[in-house]
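Quick notes on the structure that follows.
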């Protein structure tokens, strides 16, 4: 009988598998590697269990329920992958620590709040530098157009047609 692979080996295989299918996995990568380091220090564990997953989730520096829930959500995908190779794998239940997502109440800025925000950019350092001007421009663009911050930050000079007054958004939500 041979010893089970280390958790770091299993996580590396999972990340390679997911990336081969087009996933980027920036946050999941660091979270799963942290889980693997934790699990490998807990002694030989053949199977992923809910107890092991919950113990790792509780090691978060900020043990807020939202943080714990997000950690468990990352592990659920990995657990499904592990179960294909090891039927004894336990899938952590959804919402074990509550919902992993929260919808913040949107705030619509009043005209006065927007003016105050734009004027506050002038207090950024270095005064008279590029940072205050950039922040003012981006905030004004967001307010005037309704763009998401990721859409505004992805813009390049080629996306602006000043003659026709058209702004092309290439990287919209869900790549629309």
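Each value in this text was obtained by applying a stated rule to the coordinates, not by laboratory testing. Every value quoted in this text rests on a predicted model; they were computed, and no experiment measured them. Quick reminder, even Gly has a Cβ in these numbers, built from the backbone with ideal geometry, and neighbours come from all protein chains shown.
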Backbone N within the stretch 67-106 under 20 Å of label point (7 Å from residue 148 Cα along the Cβ vector):
70, 74, 100-106
Measuring from the longest principal axis of the C-alpha atoms of the chain, the long axis of helix 65-85 (C-alpha) lies at a number of degrees, nearest 10, equal to 50 degrees
Compute the angle between helix 111-120 and the longest alpha-carbon principal axis of the chain, please, reported from 0 to 90 degrees and rounded to the nearest 10.
80 degrees
Angle in degrees between helix 130-145 and the longest Cα principal axis of the chain, rounded to the nearest 10:
90 degrees
Return the single residue from 32, 68, 104 with maximal mean-square fluctuation; model: Gaussian network over the chain, springs between Cα atoms under 10 Å.
104
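Hull surface divided by four, with the convex hull built on the Cα atoms of the stretch 111-175: how many nm²?
Working: hull surface 21.4 nm².
Mean shadow area of the hull around the Cα atoms is 5.4 nm².
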Distance from the Cα centre of the stretch 111-176 to that of the stretch 67-105, in angstrom?
36 Å
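Only helical DSSP H runs with n ≥ 4 go in: add -39500 (n - 2.57) per run for the chain, normalise by residue count and round the 222 nm mean residue ellipticity to 500 deg cm²/dmol.
On the way: 7 runs with 90 residues, N = 176.
That comes out to -16000 deg cm²/dmol.
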Three principal axis extents, largest first, for the C-alpha atoms of the chain, in Å?
72, 33, 30
Express the Stokes-Einstein translational diffusion coefficient of the stretch 7-85 in µm² s⁻¹, to the nearest whole number, given a Kirkwood radius over alpha-carbon pairs, 25 °C and a viscosity of 0.890 mPa s.
192 µm²/s
For a quick protection proxy, order the peptides 107-120, 84-97 by their average other-Cβ count within 10 Å, most packed first.
84-97, 107-120
